[in-house]
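Visitor: This is the structure, below, for whatever I ask next.
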Amino acid sequence: MARAFRYGDHVDTDVIIPARYLTTDDAETLAAHAMEDLDPAFTTDVRLGDIVFAGDNFGCGSSREHAPIALKAAGVSAVVANSFARIFFRNAINTGLPVLVSPEAVEVTEAGDRVEVDAASGLITNLTKGLSFTAEALPPFIVQIVEAGGLVPWVSQRLAS
């Protein structure tokens, strides 16, 4: 069962993965430094499947794909936010990290809550509080890209068939 990590508004890509680590595109190296300036315990506390909840404009800042790669490689299975910076949203899809918009779910979710997210249906369940929410629906082709693991694997699958 996933746990929630909760952050505020305007978490930018330099906080998600500090610029000093952008000399590599190695996912494991990026994961080891994810969120370290905002939440120094993140990389030791996050477990495979955990979910990040955040306020407005998550992923603002630069257009680097390193940010969603770092989160995904650290074990984050989805990000739920009030809103996303447009380029982060697309980069997350391109790297296979589900991103869902649900201000209602964000409002009630606290760090450590037990949560589940079904990205395909948009269902977000806060098991700690016994509440469920439906995120804004992603178009079916976006769900396919995420389920394939990102844009490159999705294209590879389509070319192979």
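Visitor: When you check F141 against the structure, is it among the aromatic types (F, W, Y), open to solvent by 50 Å² or more (accessible area, probe 1.4 Å) and under 28 Å from D45 (Cβ atoms), yes or no?
Guide: Against the criterion (among the aromatic types (F, W, Y), open to solvent by 50 Å² or more (accessible area, probe 1.4 Å) and under 28 Å from D45 (Cβ atoms)), F141 does not qualify.
Visitor: Still on this structure, please answer the following. Go through the stretch 63-94 and give me each residue that's small (G, A, S), open to solvent by less than 10 Å² (accessible area, probe 1.4 Å) and part of a helix (DSSP H, G or I).
Guide: A67, A70, A92
Visitor: Shifting gears a bit: Counting only residues that are of a type in the set (D, E, K, R) and open to solvent by less than 20 Å² (accessible area, probe 1.4 Å), how many does the stretch 9-62 have?
Guide: So the answer is 1.
Visitor: Would you mind stating whether E136 is under 20 Å from D9 (Cβ atoms), acidic (D, E) and without any contact (Cβ under 8 Å) to a residue 12 or more places away in the chain?
Guide: no
Visitor: Got a sec? Which of A119, A67 is modelled with pLDDT under 95, closer than 24 Å to D9 by Cβ and under 14 Å from the mean Cα position of the chain (by Cα)?
Guide: Every option except A119 fails the conditions.
Visitor: How do the pairs read when you match residues in the stretch 141-161 that are at positive phi with residues anywhere that are buried (at least 17 other Cβ atoms within 10 Å of the Cβ) and not basic (K, R), using Cβ under 6 Å and keeping only pairs 6 or more apart or on different chains?
Guide: G149/G96; G150/N94; G150/T95; G150/G96
Visitor: Identify, by number, the condition in (1) part of a helix (DSSP H, G or I); (2) more than 19 Å from G55 (Cα to Cα) that T128 doesn't meet.
Guide: Answer for T128: the failing condition is (1).
Visitor: D113 fails exactly one of the following numbered conditions: (1) open to solvent by less than 20 Å² (accessible area, probe 1.4 Å); (2) under 18 Å from G55 (Cβ atoms); (3) touching an Asp or Glu at 6+ places or on another chain (Cβ under 8 Å); (4) of a type outside the set (V, I, T). What is the number of that condition?
Guide: Looking at each condition in turn, D113 falls short on (3).
Visitor: Going residue by residue through the stretch 52-66, is there one that turns out to be without any contact (Cβ under 8 Å) to a residue 24 or more places away in the chain and aliphatic (A, V, I, L, M)? Walk me through how you get there before you give the answer.
Guide: Of the residues in the stretch 52-66, the ones without any contact (Cβ under 8 Å) to a residue 24 or more places away in the chain are none.
No: zero hits.
Visitor: A further question on this structure: Go through V15, V52 for me and flag whichever is under 14 Å from P68 (Cβ atoms) and in contact with a Lys or Arg (Cβ under 9 Å, 6 or more places away or on another chain).
Guide: V52
Visitor: Determine whether F133 is open to solvent by less than 40 Å² (accessible area, probe 1.4 Å), aromatic (F, W, Y) and either assigned to a helix (DSSP H, G or I) or at pLDDT 95 or above (or both).
Guide: In short, yes.
The values are calculated or read from the model by the stated rules, or taken from the named source; none is laboratory data. Everything numeric in this text was worked out from a predicted model, so none of it was measured. Positions of Cβ are generated from backbone atoms using ideal geometry, with glycine treated the same way; all protein chains shown enter the neighbour counts. Ligands, DNA and RNA are stripped out before the accessible areas are found, and what is left, the full protein with its side chains, is counted by its heavy atoms. Shrake-Rupley method; radii C 1.70, N 1.55, O 1.52, S 1.80 Å.
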